[in-house]
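**Q** Can you read through this structure? Questions will come right after.
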Amino acid sequence: VVALMAAVKLIAETCASLPMKVYTRKDDKRIEVRERAERYLWDKPNPEMTMQVFLETTFGHGLLYGNAFILIQRDNAGRIAELWPIHPCRVKVGRAKNGAKVYEIGNEPHTDDDILHVPGFGTDGLVGLNPIAQHRMALGLYIAAEEVGANFFANGTTLGGIVSVPGKLDPNDANRLYQQWSKSQSGYRNAHKIAIMDSSATWQTT
């Protein structure tokens, strides 16, 4: 659905462009803090993505799937080194026997220590509801309207009808008349053109 993708793109790109900075106050002045150990917050979250792309992807996942998952990778000292967005379709969320959340990615279990889960609105306290699934009927109607519009302009901008001729047509003549009429009248480029029919044929709109 074109309108849906346009809305998701607008929200994701706008939110991703907002500044995300840390400040400290010194002598009544606000000073931006850029710790090198926190480069994943103010520079590049991982070697392949800029912060803009990372945030756009994360917002897109939340808007389209109702959940965003970020894999946290740490260095040898246990400090956060990289952040990676994980596609929601790859993540299965459940609970361990002790009640803690467990995230399964490709049969590999993860905990809250290395997965940041940002759920949207939900009803079970576990995952966010998929907004596409929740609005599937409205989106289905929109898709149907798009298909009707596409077929309408592909086949012409007037209602269909019947070409009648006196007597009986054999299949070859009927096909020839059909092809002749379709070529000259179907499609939006042929709308409102004058039709010329032979063999005493007449046109009746349905």
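The values are calculated or read from the model by the stated rules, or taken from the named source; none is laboratory data. Note that this is a predicted model, so its numbers are computed, not measured. Here the Cβ is made from the backbone with ideal geometry for all residues, glycine too, and neighbour counts use every protein chain on show. In case anyone asks, the SASA skips ligands and DNA or RNA and just uses the protein heavy atoms, side chains included. Shrake-Rupley method; radii C 1.70, N 1.55, O 1.52, S 1.80 Å.
**Q** For the range 40-58, name all the residues that are of a type in the set (Ser, Thr, Tyr), in contact with a strand residue (DSSP E or B) (Cβ under 9 Å, 6 or more places away or on another chain) and at pLDDT below 95.
**A** If the condition is that a residue be of a type in the set (Ser, Thr, Tyr), in contact with a strand residue (DSSP E or B) (Cβ under 9 Å, 6 or more places away or on another chain) and at pLDDT below 95, then Tyr40 is the only one that fits.
**Q** Looking at the range 117-141, which of the residues that are surrounded by 15 or more Cβ atoms within 10 Å (Cβ to Cβ) and in a helix (DSSP H, G or I) is modelled with the lowest pLDDT?
**A** Leu139
**Q** From Ile72, Ile80, grab the single residue that is open to solvent by less than 50 Å² (accessible area, probe 1.4 Å) and farther than 30 Å from Ala133 by Cβ.
**A** Ile80
**Q** Sort out which residues of the range 83-107 are open to solvent by less than 50 Å² (accessible area, probe 1.4 Å) and of a type outside the set (A, V, I, L, M, F, W, C), and write them in order of number.
**A** Once the filter is applied, which keeps residues that are open to solvent by less than 50 Å² (accessible area, probe 1.4 Å) and of a type outside the set (A, V, I, L, M, F, W, C), the range 83-107 yields Pro85, Pro88, Gly94, Gly99, Lys101, Tyr103.
**Q** Now, a different point. Just to be sure I understand, how many residues within the range 91-142 are closer than 20 Å to Phe59 by Cβ and aromatic (Phe, Trp, Tyr)?
**A** Total meeting the criteria: 2.
**Q** I'd like to know if the range 108-116 contains one or more residues that are in a helix (DSSP H, G or I), surrounded by 10 or more Cβ atoms within 10 Å (Cβ to Cβ) and in contact (Cβ under 8 Å) with a residue 24 or more places away in the chain.
**A** For the range 108-116, residues in a helix (DSSP H, G or I), surrounded by 10 or more Cβ atoms within 10 Å (Cβ to Cβ) and in contact (Cβ under 8 Å) with a residue 24 or more places away in the chain: absent.
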